[in-house]
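Visitor: Below is one structure. I have some questions about it.
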């Protein structure tokens, strides 16, 4: 039986009471209170392997616990596997689905038939390709198309093979598919190498090269801490793309950030709940749907992690501090959840 059914339903409670009275005993079954509609129900979150994205999930977990739910240790895996787990009920919720970037992962395991997108955790998130401003200004580089020129690509060659080295995405991430598609669509496979591995380890090398005054070329996204270290407009600049070219052919999406066509859809990070769990637990679903974290708040928390506050205890403390600072709106989310349970 699914763990979401642990909370007794009304008929079960009535049977238990009747049975107790028939034995001349006083029965006192555990019935969820109005303040804690989740009493007796376990919830299993699932997060990506990027610890910098766990903060928003821990904010949700604080609220679920205040609603009485028993929040299990989160599962941790890559984005595609998260959708598999949610589809099959091996996990109950996540707040980490990029609506457009990860749509292939979502649809391949049943999409809306097995899961429910219930809210937007972070709105208007951006991605793109950037280079250091010094090199951009010196050589008048404004577009990814400029990297088709061997003499321009060679400026970003860090291993001596004559091709530009683009710090890109881990295998299995949605952005990996986008970058590979772009390199082919814009005719860059002969002059640009997509360097893959552990993204943040690669970015540490990229930042070190920048600090040494060397040209850098990399992919990144917001919210996260990198934009606080390599500041767009000051240290680095976005490169435009020749035209919008999406893998699914849907080129009508908005890919404009600050007047530049960055090639990636301006996206929303969605909360996703297993469909059966959502139907059985309206309070949890309403709360998860309500949670919204400003992108700047998550970027600021990520920067704390980069400066050394990166343990699980640190992340949990950051989440608790955020809840304390935003208590009024947080309580409103809790009240909406309690109302949904009635």
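Visitor: Testing the spin-label approximation: label points 7 Å from Cα along Cα→Cβ at residue 329 and residue 159. State their distance in nm.
Guide: Here the modelled spin labels are 4.3 nm apart.
Visitor: Helix 295-306 versus the longest principal axis of the chain: what is the Cα-based angle in degrees, 0 to 90, to the nearest 10?
Guide: 80
Visitor: When the chain is fully extended, how far beyond the present Cα-Cα distance does residue 266 get from residue 300, taking 0.36 nm per residue of separation? Write out the running numbers ahead of the final one.
Guide: Numbers: separation 34, 0.36 × 34 = 12.24 nm, distance 2.05 nm.
10.2 nm is the gain from fully extending residue 266 to residue 300.
Visitor: Starting from the Cα of residue 254, move 7 Å in the Cα-to-Cβ direction to define the label point; list residues of segment 110-139 whose amide nitrogen is under 19 Å from there.
Guide: Backbone N within reach: 119-129.
Visitor: So how much slack lies between residue 212 and residue 245, counting 0.36 nm per residue of separation and subtracting their Cα-Cα distance, in nm? List each step's numbers first, then the result.
Guide: On the way: separation 33, 0.36 × 33 = 11.88 nm, distance 3.43 nm.
Between residue 212 and residue 245, full extension yields an extra 8.4 nm.
Visitor: Would you mind ranking 209, 56 by Cβ crowding within 10 Å, fewest neighbours first? Can you show the working numbers first?
Guide: Numbers: 209 18, 56 25.
Ordered by Cβ neighbours within 10 Å, fewest first: 209, 56.
Visitor: Still on this structure: Report the gain in length on full extension from residue 151 to residue 35: 0.36 nm times residue separation, minus Cα-Cα distance, nm rounded to one decimal. Provide the component values of the computation, followed by the final result.
Guide: Working: separation 116, 0.36 × 116 = 41.76 nm, distance 6.58 nm.
Between residue 151 and residue 35, full extension yields 35.2 nm more.
Visitor: Sort 86, 64 so that the residue with the fewest other Cβ atoms within 10 Å of its own Cβ comes first and the one with the most comes last. Intermediate results must be reported in sequence, preceding the final value.
Guide: Working: 86 28, 64 24.
Ascending number of Cβ neighbours within 10 Å: 64, 86.
Visitor: What list do you get for 318, 194, 243 if you sort them by fewest beta carbons within 10 Å? Please list the in-between numbers first.
Guide: On the way: 318 22, 194 18, 243 12.
So the residues, fewest neighbours to most, are 243, 194, 318.
Visitor: Can I ask one more? Mind pulling the angle between the C-alpha long axis of helix 174-185 and the longest principal axis of the chain? Nearest 10 degrees, somewhere in 0 to 90.
Guide: Tilt relative to the chain: about 30 degrees.
Visitor: Let me ask something else. Going by average Cβ density within 10 Å per residue, which order do the peptides 176-189, 324-337 take, highest to lowest?
Guide: On the way: 176-189: 17.8, 324-337: 14.5.
With the highest mean Cβ count within 10 Å placed first, the list reads 176-189, 324-337.
Visitor: No solvent, one uniform scatterer per C-alpha: report log10 I(q)/I(0) for the chain via the Debye equation at q = 0.11, 0.13, 0.14, 0.16 1/Å, two decimals.
Guide: -0.76, -0.99, -1.11, -1.34
Visitor: Give me the one-decimal nm value for the distance between modelled label points at residue 112 and residue 198, 7 Å along each residue's Cα-to-Cβ direction.
Guide: About 4.1 nm, to one decimal.
Visitor: So, in nm, how far is label residue 205 from label residue 184 when the simple model puts each one 7 Å beyond its Cα toward the Cβ?
Guide: 2.5
Visitor: So for each of 274-287, 195-208 I average, over its residues, the number of other beta carbons within 10 Å; can you give me the resulting order with the highest mean first? All intermediate terms of the calculation are to be shown ahead of the outcome.
Guide: Working: 274-287: 22.0, 195-208: 16.1.
Output ranking for 274-287, 195-208: 274-287, 195-208.
Visitor: Also, I was wondering about something else. Could you tell me how far the Cα centroid of segment 272-342 sits from the Cα centroid of segment 222-240, in Å?
Guide: A separation of 26 Å, based on Cα centres.
Visitor: Could you rank the peptides 149-155, 65-71, 95-101 by their average count of other C-beta atoms within 10 Å per residue, with the highest value first? Walk me through the numbers on the way to the answer.
Guide: Values: 149-155: 15.7, 65-71: 19.9, 95-101: 22.6.
Taking the mean over residues of other Cβ atoms within 10 Å, the ranking is 95-101, 65-71, 149-155.
Laboratory data are not the source of any read-out in this text; all were calculated from the coordinates shown. Being a predicted model, the structure only gives us computed values, none of them experimental. Please note: Cβ atoms are built from the backbone with ideal geometry, for glycine as well, and neighbour counts cover all protein chains shown.
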